[in-house]
């Protein structure tokens with residue numbers, strides 16, 4: 001992955017030989033239930049795996065995190081539907097937000113129209129999900145018992161969607177987070193799910209007590225921490241030998257640089273520790289209690305957001321401390337700064 005990182009960034013996609021290797025190793029099935037030949041990893045292990053992959057390439061890790069979270073849909077649909085979608089060892093589910101999408105109730109299912117964006121991994125997907133508010137045939141919003149507008153995620157083959165290449169961006173270019181759309185597509189009711197609705201959960205594993213967004217947050221925090229760690233390590237290596245113009249000492253001999261490195265190291269270690277310890281404690285509690293509380297959800301999001309923010313600040317410090325070296329594409333700093 002590290003060897004392909006520049007190619008991934010340049011071509012805005014993960015090369016097929018690497019995709020094949022990731023499939024062969026089961027990396028697209030990390031959070032899929034074991035009953036469907038998935039890994040069903042606990043959140044700590046999942047985050048560590050994503051973090052390690054991101055050391056090689058952040059875009060690849062981001063895609064694996066996103067598509068792994070999407071595969072948790074298998075816990076919320078009938079088993080035969082889950083097997084239809086994920087029975088193929090090369091199955092990949094992708095999705096993104098779609099303001100303005102809608103699903104109209106029809107006989108046996110829904111008529112779905114919408115455009116969704118930021119579908120990381122969409123170019124490698126075999127299925128898409130599309131989150132939609134539900135409308136009755138007469139156009140009235142379908143209401144839940146509490147009066148809120150019902151929404152569901154519609155699942156349909158990628159071959160039924162029109163993809164649009166829009167992912168021409170600054171960072172994480174290799175995620176190919178393009179847009180996709182369907183128009184008046186019929187989706188059977190069994191191929192829809194109320195995401196994170198415990199009443200529709202069909203898998204008993206403790207993993208599926210966790211909202212999908214909490215796994216997204218943890219994995220993406222792992223990506224950020226890995227980018228920052230690699231950036232800081234490369235800077236330390238650079239500082240051993242680089243003598244800035246007009247200076248008589250190497251960067252490593254500067255007390256100011258030593259202080260910056262120490263602060264960055266503390267930020268990364270403490271942020272990573274908070275995230276992993278929070279996940280480990282909550283995972284243990286959920287395993288014994290069978291439920292994830294609101295406070296625990298908040299703790300995960302807090303730890304993940306803290307890790308991402310601190311990782312960003314570390315990369316900012318390192319990028320500027322490396323001086324002119326940072327701007328060259330031959331160096332790792334500029335891509336990691338963009339990612």
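When peptides 204-214, 105-115 are sorted by average Cβ neighbour count within 10 Å, with the highest value leading, the order is 204-214, 105-115. Segment residue 313..residue 11, full-extension length gain: 106.0 nm, with 0.36 nm per residue of separation and the alpha-carbon distance subtracted. Taking 0.36 nm per residue of separation and subtracting the Cα-Cα distance, full extension of the segment from residue 149 to residue 80 would add 22.0 nm.
Taking other Cβ atoms within 10 Å as a rough exposure proxy, 279, 18 sort from fewest to most as 18, 279. Got a sec? Which residues in region 1-33 would a label at residue 338 touch, if it sits 7 Å along Cα→Cβ and we count backbone N under 19 Å? Inside the label zone: 1-15.
Taking Cα atoms only, the orientation of helix 294-321 departs from the longest principal axis of the chain by about 40 degrees. Among 329, 260, 203, the residue with the largest mean-square fluctuation in a Gaussian network model of the chain, with springs joining Cα atoms closer than 10 Å, is 329.
From least to most packed, judged by other beta carbons within 10 angstrom and beginning with the fewest, 62, 283 follow the order 283, 62. The Cα atoms of region 66-174 give a gyration tensor whose axes a ≥ b ≥ c have a/c of 1.5 or more with a/b no greater than b/c, which makes the shape oblate. For residue 330 and residue 202, FRET efficiency with R0 = 51 Å and r from the beta-carbon atoms, rounded to 0.05? Using R0 = 51 Å, I get an efficiency of 0.50.
Mean-square fluctuations from a GNM of the chain, with a 10 angstrom spring cutoff on Cα atoms, peak among 163, 273, 72 at 273.
Peptides 120-127, 215-222 ranked from most to least packed give 215-222, 120-127, packing being the mean of other C-beta atoms within 10 angstrom over each peptide's residues.
The fewest-to-most ranking of 281, 175 by surrounding Cβ atoms within 10 Å reads 281, 175.
With both bridge residues required to lie in the chain, what share of the DSSP beta bridges run antiparallel, to the nearest 5%? Taking every DSSP beta bridge within the chain, about 85 percent pair in antiparallel fashion. Which FRET efficiency, nearest 0.05, do residue 165 and residue 136 yield, Cβ-Cβ r, R0 41 Å? The value I calculate is 0.70. Round to the nearest 10 and give me the degree value, 0 to 90, for the angle of helix 255-289's Cα axis relative to the longest principal axis of the chain. On a 0 to 90 degree scale, this one is about 30.
Each reported figure results from applying straightforward, stated rules to the coordinates on display, with no laboratory input. Predicted, not measured: the structure shown is a model, and the values here were computed from it. Cβ coordinates were reconstructed from backbone atoms using ideal geometry, including for glycine residues, and neighbour counts include every protein chain displayed.
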